[in-house]
1. Along the charge dipole of the chain, which of Ile199, Thr43, Tyr28 sits closest to the positive end, that is, farthest toward it, with unit charges on the beta carbon of Lys, Arg, Asp and Glu (+1, +1, -1, -1)?
2. Given the pairs Lys19/Lys218; Lys101/Lys193; Lys150/Lys214, which are separated by over 28 angstrom at their Cα positions?
3. If the chain were replaced by its equivalent ellipsoid, with semi-axes equal to the square roots of 5 times the Cα gyration tensor eigenvalues, what would those be, largest first, whole Å?
4. Relative contact order, percent, of region 162-238 when contacts are C-alpha pairs under 8 Å separated by at least 6 residues?
5. How many angstrom separate the Cα center of region 162-194 from the Cα center of region 56-96?
6. Let a ≥ b ≥ c be the square roots of the eigenvalues of the Cα gyration tensor of region 105-208; is it rounded (a/c under 1.5), or, if not, prolate (a/b larger than b/c) or oblate?
7. Within region 76-109, report the trypsin sites (Lys or Arg not before Pro) that DSSP leaves as loop and that have at most 10 other Cβ atoms within 10 Å.
8. Within the accessible area of the chain, what % is carbon and sulfur when the probe is 1.4 Å and the other protein chains stay in place?
Amino acid sequence: MRYNCFGKNQAKVGYMTEKEIKIRVIEYLLKHEKHSVVVPEVTLGHLTSPSGSYVRADIFAVNGDISIYEIKTERDNLKRIENQIENYLKYANRVYIVTVKKYIDAVKKLDERVGVYEISGDSLNLVREPKYTPISCERAIEYWTGKELKHLFRGVKGWYKLGKYEAIRKLKSFLSCDHIVNLTIFMLKERYKDEYDYIRMSIMSDSVENPFKKRVEKKTPSITPLKDIRFGVLADIM
């Protein structure tokens with residue numbers, strides 16, 4: 001089964017749904033980029049928008065750095081785009097907007113650090129390259145859950161008693177900011193690897209209609225203890 005560009009009720013008007021565009025973007029990245037993980041709907045740290053709802057990346061891609069892809073379909077509007085971009089740039093090294101012809105001129109006027117893709121049917125065309133932006137130590141730490149930080153210290157005496165902020169202080173006491181950012185990227189690859197493997201195999205084999213399963217938090221995080229991570233790995237990721 002080949003993923004249809006147009007939903008069952010959309011062929012007449014030619015609109016692509018957000019899910020269909022997500023599939024197209026991931027297909028494109030599988031062919032043209034060497035990301036370790038690419039998954040949908042990732043909440044960025046603990047940041048909330050002025051409305052009180054969490055800011056989420058439509059597509060979240062991690063390799064040696066972090067990329068975010070924000071999708072705007074024919075039926076979307078651009079009311080929230082400036083707020084979204086402002087926040088994405090704090091949590092990702094590269095930010096892209098993937099949109100239809102209708103919005104291309106408008107999004108090209110937004111922050112010049114943001115890359116732009118135009119999608120039309122099966123085609124995804126790069127309109128503007130993004131500019132690389134660094135991620136701060138504090139923003140990187142916001143990706144971690146308290147449970148993940150605790151399990152990071154497995155093997156250290158009393159690790160199971162560590163609270164989130166105590167673990168953060170401990171981490172900062174012997175790792176540089178650059179190493180913490182790299183460690184975060186290492187963790188994100190581990191966190192989303194199984195989910196991405198399922199998505200990748202589903203898309204490549206056309207085996208399921210919807211390759212995006214509901215994300216369920218694991219009781220035990222898939223985190224390699226810090227004592228088992230070679231220091232060189234943290235230095236060489238970026």
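1. Result: Thr43, furthest along the dipole toward the positive end.
2. The pairs that break the limit, which is 28 Å between Cα atoms, are Lys101/Lys193.
3. Working from the Cα gyration tensor, I get semi-axes of 34, 20, 16 Å.
4. Once normalised by length, the contact order is 45 percent.
5. Rounded to whole Å, the Cα centres lie 23 Å apart.
6. Oblate.
7. Lys79, Lys109
8. Carbon plus sulfur share of accessible area: 50 percent.
The values are calculated or read from the model by the stated rules, or taken from the named source; none is laboratory data. Just so we're clear, the structure is a prediction, and the values are computed from it rather than from any experiment. All Cβ positions, glycine included, derive from the backbone under ideal geometry; neighbour counts span all protein chains shown. Ligands, DNA and RNA are excluded from the accessible area calculation, which covers all protein heavy atoms including side chains. Shrake-Rupley method; radii C 1.70, N 1.55, O 1.52, S 1.80 Å.
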